[in-house]
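Undergrad: Dropping a structure here in structure tokens format, bear with me for questions.
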Amino acid sequence: MPFGLGMGEAIVIFLVVLLLFGAKRLPEIGTSLGKGIREFKSSVREIESSVRVEGELKAPQDEAAGARVAEGQEEGAPRRLTTN
């Protein structure tokens, strides 16, 4: 079991929770806890995807800046058109 709890400790914790909240409230508590965990996971996924998208959008700009610096053009300086 997680946190190093044995079967005996898990039973004691369950009995204490049962005495505190009663048998009728336990399913309600479990349902609301499950909904909360699902909402938390979905918001974490949404944040991760938005961070990933922003990172992908910034990457090409950073590469272009690196190419300009490699060509001898300063970053932030206006581009010069040259003809060959």
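Undergrad: With all distinct Cα pairs included, what does the Kirkwood hydrodynamic radius of the range 1-43 come out to in Å, to one decimal, could you say?
TA: 12.0 Å
Undergrad: On to the next question. Using the Karplus equation 6.51 cos²θ - 1.76 cosθ + 1.60 (θ = phi - 60°), what ³J(HN,Hα) coupling, rounded to whole Hz, does each residue of the range 27-42 give in order, writing x for Gly and Pro?
TA: x, 5, 5, x, 5, 5, 5, x, 5, x, 5, 4, 5, 4, 4, 5
Undergrad: Also: For the range 10-17, take each phi angle, set θ = phi - 60°, evaluate the Karplus expression 6.51 cos²θ - 1.76 cosθ + 1.60, and give the result in whole Hz per residue in order, putting x for glycine and proline.
TA: 5, 5, 4, 4, 4, 5, 5, 5
Values quoted throughout were computed directly from the atomic coordinates according to the rules given, and no laboratory measurement underlies them. The model shown is predicted, which means the values in this text are computed figures rather than measured ones.
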